[in-house]
Amino acid sequence: MSATRPAGLDPLPMTGPTFARRLSNASLMGGCMLAAGLVILPLALIVWQLVARGLPALKPSFFVNLPKPVGEPGGGMANAIVGTLIMLGIGGALAVPIGVATGVYLSEYRRDRFASLVRYTTDILSGVPSIIVGVAVYGLIVVPMGRFSAIAGGVALGLLMLPLIVRTTEEVVRNVPVSYREAALALGAPRWSVIVQIVLPAAAPGIMTATMLSVARAAGETAPLLFTALGNRFGSVALDRPIAALPLLIYDYARSAYPDWIQQAWTGALVLLLLVTAVSALFRFSTRRGARP
């Protein structure tokens, strides 16, 4: 007959095996928390550096004024902010529909030989350096047009967005339970209707996350824009002309010899980080609202 311990008494002392298990669990948990801290540490250092150096010049005039001439203090990066948003819009308008459609095709028709070729090509494209993408777009668009343009910059950014959207869409669509498809097909729905009305809504949060990540990656690219958008110190928003961009202006200011420009480069980098954060928060908010019943 087993004896039970009355309530209120101290717990039994840990035996050898129990203590070893708890010590092993605590060690592994501590290692996981340390690894998580090491992952967060670089981002924390970057944010701290940008805030410390860029915040002093972060004023409303920075968002509404154009760059000042060389040697004249003040000014802002309004044209660069608008230009970045324009080229991200062009790139997203090209990459998101094509990337989502391709990802759905790779997931739903994964056994086709052509699907294997597309998947392999997408993997290669994801590993191509961004400057190579810029050179390719320069030859395909800039040279025939005879000028640098926002269109060429948007196409370059769209090509950089495309692989991430394709591969992530493929994975999230593949993770949609097969029972959803079978239930819809059993009711007599055609396959295209199942994909559009059942599969895509179920995979929407993952697709939105992929879009968010691709936009965040493209927003900070500088090398492809040197060969496509070139940059512009004026407030031009013409799509067939050179256009300003935050990464380009940050690059030009950071390598200059003027302290005021260097200060604005730090502020521009902070604004670029805030822009990416705002886009991420917007996508997450819309995704959560869309996921609510």
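The values are calculated or read from the model by the stated rules, or taken from the named source; none is laboratory data. Model, not experiment: these values are computed from the prediction. So basically every Cβ, Gly included, is an ideal-geometry build from the backbone, and we count neighbours across all protein chains shown. For the accessible areas, the whole protein counts, side chains as well, though only heavy atoms, and no ligand, DNA or RNA atoms are used. Shrake-Rupley method; radii C 1.70, N 1.55, O 1.52, S 1.80 Å.
Of the residues making up the stretch 125-145, those that are assigned to a helix (DSSP H, G or I), open to solvent by 40 Å² or more (accessible area, probe 1.4 Å) and either touching a strand residue (DSSP E or B) at 6+ places or on another chain (Cβ under 8 Å) or in contact (Cβ under 8 Å) with a residue 60 or more places away in the chain (or both) are Ile131, Val135, Tyr138, Met145. Scanning the stretch 199-218 for residues that are open to solvent by less than 20 Å² (accessible area, probe 1.4 Å), out of contact with any Leu (no Cβ under 7 Å at 6 or more places or on another chain) and closer than 18 Å to Leu273 by Cα yields Thr211, Met212. Among residues that are over 19 Å from Leu273 (Cβ atoms) and open to solvent by less than 50 Å² (accessible area, probe 1.4 Å), Pro67 is included.
Answer yes if at least one residue in the stretch 168-189 is open to solvent by less than 20 Å² (accessible area, probe 1.4 Å) and more than 27 Å from Thr121 (Cα to Cα), and no otherwise. Yes, the conditions are met somewhere in the stretch 168-189. Screening Phe19, Phe62 for residues that are without any contact (Cβ under 8 Å) to a residue 12 or more places away in the chain and of a type outside the set (Ser, Thr, Tyr) leaves exactly one candidate, Phe19. Restricting attention to the stretch 261-280 and to residues that are more than 17 Å from Gly220 (Cβ to Cβ) and free of Cβ contacts under 8 Å to residues at least 24 places away in the same chain, the residue that is surrounded by the fewest Cβ atoms within 10 Å (Cβ to Cβ) turns out to be Ile262. Go through the residues of the stretch 111-121 one by one and say whether even a single one is within 26 Å of Ala80 (Cβ to Cβ) and either among the polar types (S, T, N, Q) or part of a helix (DSSP H, G or I) (or both). There is no residue in the stretch 111-121 that is within 26 Å of Ala80 (Cβ to Cβ) and either among the polar types (S, T, N, Q) or part of a helix (DSSP H, G or I) (or both). Would you be able to say whether some residue in the stretch 257-268 is out of contact with any helix residue (DSSP H, G or I) (no Cβ under 6 Å at 6 or more places or on another chain) and not in a helix (DSSP H, G or I)? The answer is yes; a qualifying residue exists. For the stretch 150-166, state whether one or more residues are farther than 26 Å from Gly83 by Cβ and open to solvent by less than 70 Å² (accessible area, probe 1.4 Å). Checked against the condition, which is being farther than 26 Å from Gly83 by Cβ and open to solvent by less than 70 Å² (accessible area, probe 1.4 Å), the stretch 150-166 yields at least one hit. A Cβ distance below 6 Å, combined with a sequence gap of six or more or placement on separate chains, defines the contacts here; from the stretch 235-260, residues that are free of Cβ contacts under 8 Å to residues at least 40 places away in the same chain reach residues that are open to solvent by less than 80 Å² (accessible area, probe 1.4 Å) and part of a loop (DSSP other than H, G, I, E, B) in the pairs Tyr251/Thr222.
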